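**Student:** For reference, the structure I am asking about is given below.
Only the coordinates and a few stated rules stand behind these numbers; no lab work does. Since we're looking at a predicted model, the values are computed, not measured. Heads up, the Cβs are rebuilt from the backbone with ideal geometry, glycines too, and the neighbour counts pull from every protein chain shown.
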Amino acid sequence: MTATSGTVPEVGGTRPGRLPLRLGEREFPVPVVLAPMAGVTNAPFRTLCREQGPGLVYVSEMVMAAALVHGNDRTRRMVGFTPDEDFRSLQIYGSDPDFVGRAVRELCRGGLVDHIDMNFGCPATKVTRKGGGAAVPVKRNLLRAIIRAAVTEAAPHGIPVTAKFRIGLDDDIVTFLDTGTIAEEEGVAAVALHARTARQHYAGEARWEAIAELKNRVRTIPVLGNGDVWEAADAVRMMEETGCDGVVVGRGCLGKPWLFRDLVAAFTGATVPGPPALGEVAAMMMRHAGLLCRHMGDEAGIRNFRKHAGWYLTGYPVGTEARRRFSLVASLGELASLCDALDPGVRLPDAARRLPRGHTNGPITVVLPENYLENRDDMTVPEDGAIRIPSGG
Ligand SMILES: Cc1cc2nc3c(=O)[nH]c(=O)nc-3n(C[C@H](O)[C@H](O)[C@H](O)COP(=O)(O)O)c2cc1C
């Protein structure tokens with residue numbers, strides 16, 4: 001089944017037997033969320049994914065709260081949604097409750113978003129060394145103050161706030177159950193767990209058993225599972241095995257916006273189509289690159305597209321030289337020639353269907369502010385003005 005843009009799927013058939021995913025006033029019959037991915041989930045990418053799977057939640061790139069308050073062109077573009085995005089989801093991060101509150105107030109008063117997701121899982125050194133991202137849950141009181149600031153500003157506008165976090169800093173500092181409880185107590189609409197520690201980064205398998213544990217602890221709001229959904233069947237299995245209320249899908253859709261079509265099929269009891277032949281992949285590449293060039297200008301657009309080219313071609317037997325050329329592509333015209341040279345009938349070998357895309361590295365050393373762990377109950381706000389947007393969660 002190919003879902004078309006604007007048609008929200010009917011749910012029935014084989015989906016796990018829970019209620020639709022509810023975020024504030026909105027219900028999502030297919031409980032699937034596109035994970036925020038810095039440098040990836042911009043408006044063009046969300047458009048392609050939405051066309052494949054209408055009616056799901058598609059979260060934008062992460063934006064720093066302080067940058068929203070101070071405002072600059074790059075940040076404003078990141079908050080840009082297309083007119084047909086009827087559920088505008090934005091992820092923000094910050095370690096200062098005041099900045100977070102002000103950012104949420106501006107977003108809500110300006111009518112710029114329909115949903116705000118808060119990042120408490122980013123393991124990037126640039127962020128954690130200032131006490132942001134994955135470092136925040138270590139300080140329970142500060143975490144609570146940040147969440148409270150966001151929910152207080154968003155609630156009068158009916159905007160749901162969700163929180164996304166990891167298992168903890170490492171196996172010694174495990175925070176996810178406390179974080180889930182605090183989020184629930186502070187009025188968050190749903191929580192999402194990337195079932196790895198920050199130290200694990202992206203290595204190894206996600207520990208789905210932690211998702212089940214969180215689901216047992218957090219009883220009154222939806223719990224979403226995240227980590228290692230590579231194919232639609234993984235999402236159904238995650239819900240069955242952990243009891244979670246929905247799934248958040250990251251790397252599995254890199255170079256594969258069709259995953260959302262497959263997910264809709266899997267949750268509505270339709271037949272899940274197989275991976276597309278190379279001709280369809282090439283047409284999607286052209287469309288994606290074209291949208292990026294329109295969104296950010298020709299030069300930046302095609303440069304941004306290069307990493308996507310590698311993901312689109314993952315597993316297809318196209319040869320090393322073709323791969324190299326795609327990775328250096330410099331214009332839409334050149335991309336068209338490279339695509340024309342591909343054999344449109346080539347199919348993805350079965351063995352390649354679950355090849356990982358995006359980050360797979362780890363473990364890493366998680367860098368914290370000096371003496372950060374000495375008093376985990378203090379409310380000292382790390383100086384987050386200097387944090388710059390990195391890639392990661
Ligand atoms: C390129 C890239 C960028 C990411 N950026 C963010 C981000 O900005 N915010 C966030 O919460 N997570 C971010 N993540 C993490 C994903 O949202 C997700 O939690 C993680 O990839 C695990 O899910 P997966 O196994 O489905 O990929 C990023 C991941 C990747 C690969």
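**Student:** Which whole-number percentage describes the relative contact order of segment 15-116, with Cα contacts under 8 Å and a sequence gap of 6 or more?
**Tutor:** Values: 133 pairs, mean separation 23.7, N = 102.
Taking the mean separation of contacting Cα pairs over the length of segment 15-116, I get 23 percent.
**Student:** Let me ask something additional. Among His115, Val138, Phe87, flag the residue with its Cα farthest along the positive direction of the charge dipole of segment 80-148, charges on Cβ as +1 for Lys/Arg and -1 for Asp/Glu.
**Tutor:** Farthest towards the positive end: Val138.
**Student:** Let me ask something additional. So what is the calculated 222 nm ellipticity per residue for the chain, using -39500 (n - 2.57) for each DSSP H run with n of 4 or more, over all residues, to the nearest 500 deg cm²/dmol?
**Tutor:** Values: 14 runs with 148 residues, N = 393.
Result for the chain, helices only: -11500 deg cm²/dmol.
**Student:** Any idea how far apart His157 and Thr181 come out in nm if each label point goes 7 Å out from Cα toward Cβ?
**Tutor:** Between His157 and Thr181, the simple spin-label model gives 3.2 nm.
**Student:** Let me ask another. So which lysines pass the test for Lys256, namely a Cα distance under 28 Å, with those fewer than 8 places away in the same chain ruled out?
**Tutor:** Lys164, Lys307
**Student:** Just add up the charged neighbours of Leu169: K/R +1, D/E -1, any other residue whose Cβ is under 14 Å from the Cβ of Leu169. List each step's numbers first, then the result.
**Tutor:** Details: positive: Arg129, Lys139, Arg140, Arg166, Arg196, Arg199, Arg376; negative: Asp170, Asp171, Asp172, Asp178.
That works out to +3.
**Student:** Right, something else. Could you sort 320-330, 202-212, 152-162 so that the peptide with the highest average Cβ count within 10 Å comes first and the rest follow in order?
**Tutor:** Values: 320-330: 13.5, 202-212: 17.5, 152-162: 19.5.
In decreasing order of mean packing, 320-330, 202-212, 152-162 become 152-162, 202-212, 320-330.
**Student:** With axes computed from alpha carbons, what is the tilt in degrees of helix 278-296 against the longest principal axis of the chain, rounded to the nearest 10 within 0 to 90?
**Tutor:** 50
**Student:** Residue separation times 0.36 nm, minus the C-alpha to C-alpha distance between Asn72 and Asn141: what's the value? Don't jump to the answer; show the numbers that get you there.
**Tutor:** Working: separation 69, 0.36 × 69 = 24.84 nm, distance 3.05 nm.
Extending this stretch completely gives an extra 21.8 nm.
**Student:** Need one word for segment 316-371: rounded, prolate or oblate. Basis is the Cα gyration tensor (sqrt eigenvalues a ≥ b ≥ c); a/c below 1.5 gives rounded, then a/b vs b/c decides.
**Tutor:** Details: a/c = 4.35, a/b = 1.86, b/c = 2.34.
Verdict is oblate for segment 316-371.
**Student:** Grab the Cα-Cα distance for Glu321 and Met379, subtract it from 0.36 nm times how many residues apart they are, and report the gain in nm with one decimal. Kindly include the intermediate steps, with their values, before the conclusion.
**Tutor:** Details: separation 58, 0.36 × 58 = 20.88 nm, distance 5.46 nm.
Full extension from Glu321 to Met379 adds 15.4 nm.
**Student:** Pull out a ≥ b ≥ c, the square roots of the eigenvalues of the alpha-carbon gyration tensor of segment 158-238, then state rounded if a/c is under 1.5, prolate if not and a/b is larger than b/c, and oblate in the remaining case. Show your work: numbers first, answer last.
**Tutor:** Working: a/c = 1.92, a/b = 1.25, b/c = 1.54.
It is oblate, given that a/c is not under 1.5 and a/b is not larger than b/c.
**Student:** Amide H to amide H under 5 Å from Ala190: which residues, 5+ apart in sequence or cross-chain, H placed 1.01 Å off N in plane?
**Tutor:** Residues meeting the amide H criterion: Ala163.
**Student:** Among residues other than Arg347 whose Cβ falls under 13 Å from its Cβ, what is the net charge (Lys/Arg +1, Asp/Glu -1)? It would help to have the intermediate numbers written out before the result.
**Tutor:** Values: positive: Arg353; negative: Glu280, Asp343, Asp350.
Neighbourhood net charge equals -2.
**Student:** Continuing with the same structure: How far, in degrees from 0 to 90, does helix 208-217 lean away from the longest principal axis of the Cα atoms of the chain, to the nearest 10?
**Tutor:** 40
**Student:** Given contacts defined as C-alpha pairs under 8 Å and at least six residues apart, what's the relative contact order of the chain, whole-number percent?
**Tutor:** Once divided by the residue count of the chain, the mean separation gives 21 percent.
**Student:** Also, quick follow-up: Nearest 0.05, what FRET efficiency do Asp298 and Thr82 give at R0 = 25 Å with Cβ-Cβ as r? Numbers along the way, then the final one.
**Tutor:** Numbers: r = 19 Å, r/R0 = 0.77.
After rounding, the FRET efficiency stands at 0.85.
**Student:** Further question: Report, in degrees rounded to the nearest 10, the 0 to 90 angle that the Cα long axis of helix 258-268 makes with the longest principal axis of the chain.
**Tutor:** Taking the Cα atoms of the chain, the angle to 258-268 is about 70 degrees.
**Student:** With only Lys, Arg, Asp and Glu charged, each at its Cβ (+1 for the first two, -1 for the last two), find how big the charge dipole of the chain is about the Cα centre; round to the nearest 20 debye. It would help to have the intermediate numbers written out before the result.
**Tutor:** Working: 46 positive and 46 negative charges, 116 e Å.
That gives a dipole near 560 debye.
**Student:** I'd like the distance separating the alpha-carbon centroids of segment 192-214 and segment 58-130, in whole Å.
**Tutor:** 24
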